[in-house]
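Asker: The structure's right below; bear with me while I get my questions together.
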Amino acid sequence: MSHPLQSSSIDKWIDAPTRRVDAAGATFVYRRLGPATGVPVILLNHWGAVLDNFDPRIVDGLAATRPLIAVNYRGVGASGGKAPLTVAEMAEDAIAVIRALGFDEVDLIGFSLGGFVAQDIVRKEPDLIRKLILAGTGPAGGEGIERVGPVSWPLVIKGMLTFRDPKYYLFFTSAANSRRAAKDFLERLKERKADRDKPITMGAFLRQLKAIKAWGKQAPQDLSVILKPILVANGDQDIMVPSSNSIDLARRLPNAELVLYEDAGHGGIFQYHETFVKKVLAFLEA
């Protein structure tokens, strides 16, 4: 049974107030929307992301039928405390937040770093998780994950030099349709004008990168013990967390389905947001 959500339902991400919850000795910010009942969907975001980096179209699409909670990690955006240096600590925090919100069963969507955290959560607390979506992510010790920094920095600098958000280069391919999708995605992230989250500090950004590198250097985990239904999604040309990691996850997880979006990068779920939302809702309802 899921815990009923205290509050009237909010229909759109743009209107969802930023709330706070105390857990694990820190205050975490989150936003909540969608219906008041049902198994909640918890969203865990990427390296450097604050609440305003969740794609409004994906959030609104899922919240049309499901209670949805998007949360920041410790020390990120307006969340208190110091950003953890390990994925394991982020997972412990997320479990504490889920419990502090009163839920005893949730569905998890982890994108990129959030996918590392989601894997750790389901290993630690399998009874808390019903279904899992792992997007743009990979297993501990996965190919190229320890090189996320070296791969990303040149494109972060290119973004600064061309006055573009680095995600334009990091999350999308150089094909015309992917570039168009990049522009649309970055515009969507600006739609919310009021009550925006604080930007991430450089300190938290670098601490998260250390956690990513450590995950990449970690010994591979036994994924055969994770028996939950899992949807693995990515673009077929991810340069940040190479797409081979998504194929590897789907092969090693006993109850997984793989979706690879054509001519799409790390942000394949944003490029194909309509298709992704339909797929996720069907997967969660199956």
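The values are calculated or read from the model by the stated rules, or taken from the named source; none is laboratory data. Just so we're clear, the structure is a prediction, and the values are computed from it rather than from any experiment. Note that each Cβ is placed from the backbone with ideal geometry, even for glycine, and that neighbours are counted across all protein chains shown.
Asker: If you scan region 236-254, which residues turn out to be touching a strand residue (DSSP E or B) at 6+ places or on another chain (Cβ under 6 Å) and not small (Gly, Ala, Ser)?
Answerer: Asp236, Leu249, Leu253
Asker: Give me the residue from region 43-62 that is aliphatic (A, V, I, L, M) and over 17 Å from Gly136 (Cβ atoms) and, out of that set, surrounded by the most Cβ atoms within 10 Å (Cβ to Cβ).
Answerer: Here the residue is Leu51.
Asker: Mind checking which residues of region 149-171 are under 11 Å from Gly48 (Cβ atoms) and assigned to a helix (DSSP H, G or I)?
Answerer: Ser152, Val156, Lys167, Leu170
Asker: Restricting the search to region 107-133, which residues are within 15 Å of the chain's Cα centre (by Cα) and either hydrophobic (A, V, I, L, M, F, W, C) or modelled with pLDDT under 95 (or both)?
Answerer: Hits for region 107-133 are Leu108, Ile109, Phe111, Leu113, Phe116, Val117, Ala118, Ile121, Val122, Leu132, Ile133.
Asker: May I ask you to verify whether Met160 is more than 19 Å from the chain's Cα centre (by Cα), modelled with pLDDT under 95, loosely packed, with under 15 Cβ neighbours inside 10 Å and not small (Gly, Ala, Ser)?
Answerer: Yes; evaluated as a whole, the condition is true for this residue.
Asker: Could you check how many residues of region 185-233 are of a type outside the set (Lys, Arg) and either within 26 Å of Leu260 (Cβ to Cβ) or in contact with a helix residue (DSSP H, G or I) (Cβ under 7 Å, 6 or more places away or on another chain) (or both)?
Answerer: Qualifying residue count, region 185-233: 26.
Asker: Let me ask something else about it. Could you say whether any residue in region 41-61 is free of Cβ contacts under 8 Å to residues at least 40 places away in the same chain, out of contact with any helix residue (DSSP H, G or I) (no Cβ under 6 Å at 6 or more places or on another chain) and in a loop (DSSP other than H, G, I, E, B)?
Answerer: So far as region 41-61 goes, no, none of its residues is free of Cβ contacts under 8 Å to residues at least 40 places away in the same chain, out of contact with any helix residue (DSSP H, G or I) (no Cβ under 6 Å at 6 or more places or on another chain) and in a loop (DSSP other than H, G, I, E, B).
Asker: While we're looking at this one, here's another question. Determine which member of the set Ala83, Ala118, Ala70 is of a type outside the set (Ser, Thr, Tyr), more than 19 Å from Gly136 (Cα to Cα) and in contact (Cβ under 8 Å) with a residue 12 or more places away in the chain.
Answerer: Ala83
Asker: Right, here's the next one. Take the residues in region 63-79 that are among the β-branched types (Val, Ile, Thr) and either within 14 Å of Asp11 (Cα to Cα) or surrounded by fewer than 23 Cβ atoms within 10 Å (Cβ to Cβ) (or both), then tell me which one is nearest to the chain's Cα centre (by Cα).
Answerer: Ile69
Asker: Quick one: which of Ile145, Ile157, Ile129 is among the hydrophobic types (A, V, I, L, M, F, W, C) and in contact with a strand residue (DSSP E or B) (Cβ under 8 Å, 6 or more places away or on another chain)?
Answerer: Ile129
Asker: Something else: Report, by residue number, each residue of region 172-200 that is in contact (Cβ under 8 Å) with a residue 40 or more places away in the chain and assigned to a loop (DSSP other than H, G, I, E, B).
Answerer: Phe172, Thr173, Ala175, Leu189, Glu191, Arg192, Asp195, Arg196, Asp197, Lys198, Pro199, Ile200
Asker: Only one residue in Ile109, Ile69, Ile58, Ile121 is under 18 Å from Val21 (Cα atoms) and among the hydrophobic types (A, V, I, L, M, F, W, C). Which one?
Answerer: Of Ile109, Ile69, Ile58, Ile121, the one residue that is under 18 Å from Val21 (Cα atoms) and among the hydrophobic types (A, V, I, L, M, F, W, C) is Ile69.
Asker: Exactly one of (1) surrounded by fewer than 22 Cβ atoms within 10 Å (Cβ to Cβ); (2) in contact with a His (Cβ under 9 Å, 6 or more places away or on another chain); (3) not hydroxyl-bearing (Ser, Thr, Tyr) is unmet by Met240. Its number?
Answerer: For Met240, the exception is condition (1).
Asker: Under 8 Å by Cβ, and 6 or more places apart or on different chains, what pairs join a residue from region 254-268 that is closer than 17 Å to Leu227 by Cβ with one that is among the basic types (Lys, Arg)?
Answerer: Asn255/Lys228
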